[in-house]
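Novice: Quick one: the structure is below, and I'll ask about it shortly.
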Amino acid sequence: GAEYIDSYVFNKAEYIRFNSTVGKYVGYTEHGVKNAETWNKGSELAQELGELERYCKHNAANHYSVVLDKT
């Protein structure tokens, strides 16, 4: 399967990431961990899951149909 990752970078360092395999935000710095805790409880997570549904599932279906067309 495919994995969707949305990284947030500040001063060239990744501090927080949404990972579709984990299904939530994960922080990589002290600030990122605090944000991840907040974002996982709020509307940000619902929005990210909506993006995952809208973008990935749509494009996966398109990619799959192209593969089928070529076989």
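Novice: Report Leu45's accessible area, 1.4 Å probe, all protein chains in place, as a number in Å² to the nearest 10.
Specialist: Surface accessible to solvent at Leu45 totals approximately 30 Å².
Novice: For Thr38, what accessible area in Å² do you get when you roll a 1.4 Å probe over the heavy atoms of the protein chains, rounding to the nearest 10?
Specialist: For Thr38, solvent-accessible area is about 90 Å².
Novice: Which sequence of Ser7, Ser20 reflects their accessible areas, 1.4 Å probe, from the largest down? If you can, show how the numbers build up before the last one.
Specialist: Numbers: Ser7 55, Ser20 30 Å².
Final ranking, largest accessible area leading: Ser7, Ser20.
Novice: Further, regarding this structure: Length gain on complete extension for the stretch Glu37 to Val22, per 0.36 nm per residue less the alpha carbon to alpha carbon distance?
Specialist: Working: separation 15, 0.36 × 15 = 5.40 nm, distance 1.39 nm.
Here the segment from Glu37 to Val22 would lengthen by 4.0 nm.
Novice: Provide the solvent-accessible area of Arg17, counting protein heavy atoms only and rolling a 1.4 Å probe, rounded to the nearest 10 Å².
Specialist: Roughly 60 Å² of Arg17 is accessible to a 1.4 Å probe.
Novice: A follow-up question, please. Go through Lys34, Lys12, Lys24 and list them by solvent-accessible area, largest first, probe radius 1.4 Å.
Specialist: Values: Lys34 120, Lys12 200, Lys24 95 Å².
Ranked list, largest accessible area first: Lys12, Lys34, Lys24.
The values are calculated or read from the model by the stated rules, or taken from the named source; none is laboratory data. All of these numbers come straight from a predicted model, not from anything done at the bench. Keep in mind that these areas ignore ligands, DNA and RNA; they rest on the heavy atoms of the full protein, side chains included. Shrake-Rupley method; radii C 1.70, N 1.55, O 1.52, S 1.80 Å.
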